[in-house]
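Asks: Structure in structure tokens, see below.
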Amino acid sequence: GCYDTVPFVLSKLLMADALPMRILPALLMSAIVYPTVGLAGIGMVDTQDGDGEAWYGPCKAAMFVASMCLTNLLSAAIFACIGILCTSTAVAVLIGVLYALFTLLFSGFLGKTSANLPEAFAWLPYLSALRYNFELVMSNELLGETITVAKMWPGDPHAGRHQAVTGDMI
């Protein structure tokens, strides 16, 4: 009876869960991964406005960090809801693992899954939380870019040939 509901939820959310366990690890991961992988936001300069100010790169990097933080918060909220709705811990863990497998399978990391599904199940990828993060990161990093892809299929007569691919195609 010491706290009302709103202060309790806000203090638990901000000080015990969201900030130390969701946002700070996502910030740390982004600070390590983004420059290491060499994503598009590092060192990009917008030259279309003529003054050459470097604002394009930091905006892309901030979008990457925001997408990681929001996806982490969304996943934690979904798993918390699963835990609240289930009556036993074992069932909650089972449903949580099944949801994690589902969201990884339909995220788009493995390929365009909606094209491979029957029409009756084409809506399933829209339930994956990671699908939206993956789309945002891919759009953020590749739109307006051109990358060179080398064919590396064994036995292919065109193996080793380089081909330019636009980010819009990807």
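The values are calculated or read from the model by the stated rules, or taken from the named source; none is laboratory data. Nothing here was measured: the structure is a model prediction, and the numbers come from that model. So basically every Cβ, Gly included, is an ideal-geometry build from the backbone, and we count neighbours across all protein chains shown. To get the accessible areas, we keep the full protein, side chains included, count just its heavy atoms, and leave off ligands, DNA and RNA. Shrake-Rupley method; radii C 1.70, N 1.55, O 1.52, S 1.80 Å.
Asks: Given a 1.4 angstrom probe, I'd like the percentage of the accessible area of the chain that is carbon and sulfur, rounded to a whole number. If you can, show how the numbers build up before the last one.
Replies: Numbers: 8280 of 11730 Å².
Within the chain, the accessible surface is 71 percent carbon and sulfur.
Asks: Report the residue, chosen from GLY57, GLY144, GLY155, that carries the largest GNM mean-square fluctuation when the chain is represented by alpha-carbon nodes joined by springs under 10 Å.
Replies: Highest fluctuation among the options: GLY155.
Asks: Heavy-atom accessible area of VAL91 with all protein chains present, probe 1.4 Å, nearest 10 Å²?
Replies: 70 Å²
Asks: Name the residue farthest towards the positive end of the dipole of the chain from the options MET169, SER75, THR36, assuming +1 on Cβ of Lys and Arg, -1 on Cβ of Asp and Glu, about the Cα centre.
Replies: SER75
Asks: I've got another one for you. If each DSSP helix of 4+ residues adds -39,500 (n - 2.57) and the sum is divided by the residues in the chain, what number results at 222 nm, nearest 500 deg cm²/dmol?
Replies: Using -39500 (n - 2.57) per qualifying helix, the result is -16500 deg cm²/dmol.
Asks: Oh, and also: Keeping all protein chains in the complex and leaving out DNA, RNA and ligands, what accessible area do you get for LEU10 with a 1.4 Å probe, in Å² to the nearest 10?
Replies: Taking all protein chains as shown, LEU10 has close to 90 Å².
Asks: Oh, and also: CYS86 to ASP4: extension gain in nm, 0.36 nm per residue of separation minus the Cα-Cα distance?
Replies: Here the answer is 27.0 nm.
Asks: Calculate, for the chain, the solvent-accessible area per residue in square angstrom, rolling a 1.4 angstrom probe over the heavy atoms of the protein chains.
Replies: For the chain, the per-residue accessible area is 69 Å².
Asks: Using a 10 angstrom cutoff on alpha carbons, build the Gaussian network for the chain and name the most mobile of MET29, MET68, MET15.
Replies: Of MET29, MET68, MET15, the most mobile in the Gaussian network model is MET15.
Asks: Note the angle between two axes, namely the Cα long axis of helix 129-142 and the longest principal axis of the Cα atoms of the chain, as a number of degrees from 0 to 90, rounded to the nearest 10.
Replies: 30 degrees
Asks: Could you list which residues have their amide H under 5 Å from that of ALA122, counting only those 5 or more apart in sequence or on another chain, with H placed in the peptide plane?
Replies: Hits under the 5 Å cutoff: none.
Asks: Another one. Rank these by accessible area, largest first, 1.4 Å probe: ILE95, ILE78.
Replies: ILE95, ILE78
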